Every structure is written in structure tokens, then in C-alpha cells.
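**Student:** To start, I am sharing the structure in question, which I have written as C-alpha cells.
The values are calculated or read from the model by the stated rules, or taken from the named source; none is laboratory data. In this text, all values refer to a predicted model and were calculated from it rather than measured experimentally. As a convention, Cβ positions derive from the backbone with ideal geometry for all residues, glycine included, and neighbour counts pool all protein chains shown. Heavy atoms of the whole protein, side chains included, go into the accessibility calculation; ligands, DNA and RNA do not. Shrake-Rupley method; radii C 1.70, N 1.55, O 1.52, S 1.80 Å.
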Amino acid sequence: MSRMVYLNGEIVPEEMAKVSVFDHGYLYGDGIFEGIRAYNGLVFKLDEHIKRLFQSAKTIMLNLDLSKEEIKEAIIKTVRANKLKDAYIRVVVSRGIGDLGLDPDKCKKPNFVIIASEIALYDQELYANGLKVMTVPTRRNGAEMVNPRIKSLNYLNNIMARIEANLMGVPEAIMLNNEGYVAECTGDNIFIIEGKNLITPPRYAGLLKGIKREVAMEIGESLGLKIKEELFTRYDLYNADECFLTGTAAEVIPVVEIDGRVIAEGKPGQYTQKIVKEFRDYVNSHGVPVYPEDQEKVS
Ligand code: PMP
């Protein structure tokens, strides 16, 4: 079945969901996006994703033309049109059609797209056994360059790192910032556990303030861990008791080897395993219902 795509107020079959080659999203990566999940008929952290979309839009001075409520409704409508209960939802807003110059003022109307599909980023086996990852030469953009907190359509910084990961034969790369501190991965945030401390880089390290990052901190706290947002180096990665990544696509996934150094005896650590499990329970009972019958699942 053809997927149904939201395009500027209408739901159309994917074959008809087309935007111009003069769109500055295509020409310059000028635009923003969000990746959102629905689990079990519930759209997870919808308000938080929409808030971040508005923050990205404000930062790049892109007028979304729709209210938060209208965007919420459009997202639900798109998931329903695809009859999905579990979905990966991509909201993409580009600057719109302009001329061949950079000037965004020439673009009069953004293109607003919502795609709802299925996704499985990693094999289930990796959630049980953990990932082997590497740090890569490409540094994460600094917060005063193109701030990684903007979820922009220009992911070349991350893609360069991802190419390096591919060359090294690993599924994800850890990116350092220009000072050599750990920032994040190409599509995920990173956590280490040292004793009873759950540590993740602070936002000024240069990273996307992930929504699953917040959830992992909440769960970690409920397990009695002390949450710390602080800078750390590769040394800390190598000597961590446990390590895991978080992201909308990746969810919570353990890391068991970094740059050839074995973490947590090569198996997902005990806290990480608990966080993976609690995360699964959490997403199945929290969120905005897509269909009326899913209301009762919300706890
Ligand atoms: N960092 C980057 C660079 C990302 O693209 C993402 C989203 N895939 C994340 C972190 C995680 O953010 P979230 O938990 O909101 O998906």
C-alpha cells in the first residue's frame, strides 16, 4: 500500500507528495525537522517534539504558518491515514521555493511535510547484546557555529561522521567537540554510568537536546542514580562501568565496546538493562492517543 503523506494541509499518496527542486531545503538544507515515535497507538512526547520544532524554527527565523495545535492535529491525522499504531513520524519544514541565491527572504512559503512510516534501526539482537562503536575524526559542530540544538535539514556534519563509522565497520560513531570532549553520536545522545552516577554531556558541549535523553535521565533518577550533565573525555568512555545511547530511532541501546576497549565486561550493564526495560514500559503507556480506543492505555 502506498504511504499517505501530509503536504501543506492535504493528505496525498506518496507518489504525489513532491516539492520543487527550487525549494531551499533541497538547494541549501535550509529547513528543520523532527523525528517522533508512536508506540501502541500513543504518540510519544508529542508536545515536547512540537516545542523543539518551534525552537528550531525561531532560531532560523522560519515562520511555520501553523499553530502548535494545528501541527499536533496534522500529525495525528497522518498516522491515522496510514492506519499505524507503531510509527516513526517525520515532520519536515523547508524554507520553501526561492531563487538560486541563498536569500531566505525570497522564499515566501515554507513546505510542510509529515511522513508516518515504520522503522527498525537496529536488530533486536543488538538491544540485548550491545553495540560496538568508534570515535571518529569529524568533530561535532560547536554551539556557536550551526548550533546542533537546531534540528536542521543540514546533517552533513553527522553524515561525515557516519561515513567514517561505515569505513570502520561500526553502526554508530561517537563525535567529540572541537575541544576533544565527548558531544554525542551522529543520531543519538550518549550516557555513561560510573558507580551510581549517570553522566551525559551538557548542552553547551554541542549536541541536540534529545527528548529520549530527558526520558533516560528521568528513569535513571527513579532507579536511584545521580544525574550529572558534565564534560567528559574518551578516557572516561573507556573506563565507564556502563554506556548507552538514546534517540527516537535508536531508543535506548547499550554500548559494549568503544575504540576497541571493552565496556562493562562486554555485556550491557545492569542499570542499562533496567533503563532499556523501563523505557519500553514507559513508551507503551505514555503519549497522545492516535485513535479514541487508545485513550485507556495512558497512565
Ligand atoms: N542527536 C542527534 C544528532 C540526533 O539526530 C538525535 C535524533 N535522532 C538525537 C541526538 C536524539 O534526540 P531525540 O531523543 O529527541 O530523538
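**Student:** Based on the Cβ-Cβ distance of ASP259 and LYS228, what FRET efficiency does E = 1/(1 + (r/R0)^6) give at R0 = 25 Å, to the nearest 0.05?
**Tutor:** E between ASP259 and LYS228, to the nearest 0.05, is 0.65.
**Student:** What residues from segment 209-239 fall in the zone where the backbone N is under 17 Å from a label point 7 Å along the Cα-to-C-beta line of SER299?
**Tutor:** 215-216, 218-224, by backbone N distance to the label point.
**Student:** Counting pairs of alpha carbon atoms under 8 Å apart in space and at least six apart in sequence, what relative contact order in percent does the chain give?
**Tutor:** On the way: 633 pairs, mean separation 58.1, N = 299.
It rounds to 19 percent for the chain.
**Student:** What is the distance, in nm, between label points placed 7 Å from the Cα along the Cα-to-Cβ direction at ALA143 and at ASP65?
**Tutor:** Between ALA143 and ASP65, the simple spin-label model gives 3.4 nm.
**Student:** Tell me, how many Å apart are the Cα centres for segment 222-279 and for segment 118-166?
**Tutor:** If we compute the Cα centre of each part, the gap is 16 Å.
**Student:** Per the Kirkwood definition applied to all pairs of different Cα atoms, how many angstroms is the hydrodynamic radius of segment 124-283?
**Tutor:** Computed over segment 124-283, the radius equals 15.4 Å.
**Student:** Say the cut-off is 29 Å between C-alpha atoms; which of LYS83/LYS132; LYS51/LYS108; LYS45/LYS106 go over it?
**Tutor:** From LYS83/LYS132; LYS51/LYS108; LYS45/LYS106, over 29 Å: LYS83/LYS132; LYS45/LYS106.
**Student:** Continuing with the same structure: Efficiency by 1/(1 + (r/R0)^6): what FRET value for LYS109 and SER285, r their Cβ-Cβ distance, R0 = 45 Å, to the nearest 0.05?
**Tutor:** 0.70
**Student:** Now for a separate question. Pull out the extension gain between TYR155 and GLU221, defined as 0.36 nm times the separation in residues minus the alpha carbon to alpha carbon distance; nm, one decimal.
**Tutor:** On the way: separation 66, 0.36 × 66 = 23.76 nm, distance 3.17 nm.
Contour length minus the Cα-Cα distance gives 20.6 nm.
**Student:** Here's another thing I want to ask about it. For GLY9, what is the net charge nearby, where nearby means another residue's Cβ is under 13 Å from its Cβ and Lys, Arg count +1, Asp, Glu -1?
**Tutor:** Neighbourhood net charge equals -2.
**Student:** So, one more: Find out how many positive minus negative residues lie around GLU144, taking Lys and Arg as positive, Asp and Glu as negative, among other residues whose Cβ is under 15 Å from that of GLU144.
**Tutor:** Here the charged neighbours net out to +3.
**Student:** Starting from segment 164-237, pick out the GluC sites (Glu not before Pro) whose DSSP state is loop and whose Cβ has at most 12 other Cβ atoms within 10 Å.
**Tutor:** GLU179, GLU230
**Student:** Using only the alpha carbon atoms of the chain, find the Kirkwood hydrodynamic radius as the inverse mean reciprocal pair distance, in angstroms to one decimal. If you can, show how the numbers build up before the last one.
**Tutor:** Numbers: mean 1/r = 0.0499 Å⁻¹.
The Cα-based Kirkwood calculation yields 20.0 Å.
**Student:** Could you give the accessible area per residue of segment 124-283, probe 1.4 Å, as a whole number in Å²?
**Tutor:** Values: 6940 Å² over 160 residues.
About 43 Å² of surface per residue is accessible.
**Student:** A further question follows. Please say if segment 1-149 is rounded, prolate or oblate, where rounded means a/c under 1.5 for a ≥ b ≥ c the square roots of the C-alpha gyration tensor eigenvalues, and otherwise the choice is prolate for a/b larger than b/c and oblate otherwise?
**Tutor:** Working: a/c = 1.72, a/b = 1.13, b/c = 1.53.
Note, shape of segment 1-149 comes out oblate.
**Student:** So what's the back-of-envelope 222 nm ellipticity for the chain, counting only DSSP H runs of four-plus at -39500 (n - 2.57) apiece and dividing by all residues, rounded to 500?
**Tutor:** Rounded to the nearest 500, the figure is -8000 deg cm²/dmol.
**Student:** What GluC sites (Glu not before Pro) in segment 58-137 are in a loop by DSSP, with at most 13 other Cβ atoms within 10 Å of the Cβ?
**Tutor:** Taking segment 58-137 and a limit of 13 other Cβ atoms within 10 Å, the loop GluC sites (Glu not before Pro) found are GLU118.
**Student:** Enumerate the lysines that LYS228 could reach by cross-link, defined here as Cα to Cα under 22 Å, with residues fewer than 8 away along the same chain left out.
**Tutor:** LYS196, LYS209, LYS212, LYS274, LYS277
**Student:** Heavy atoms only, probe 1.4 Å: what % of the accessible area of the chain goes to carbon and sulfur, would you let me know? Display every interim value, and only then the final one.
**Tutor:** Details: 7510 of 14260 Å².
That share works out to 53 percent.
**Student:** Considering the chain as a Gaussian network with a 10 Å cut-off on Cα pairs, which listed residue, PRO268, PRO104, PRO254, attains the greatest mean-square fluctuation?
**Tutor:** Most flexible of the set in this elastic network: PRO104.
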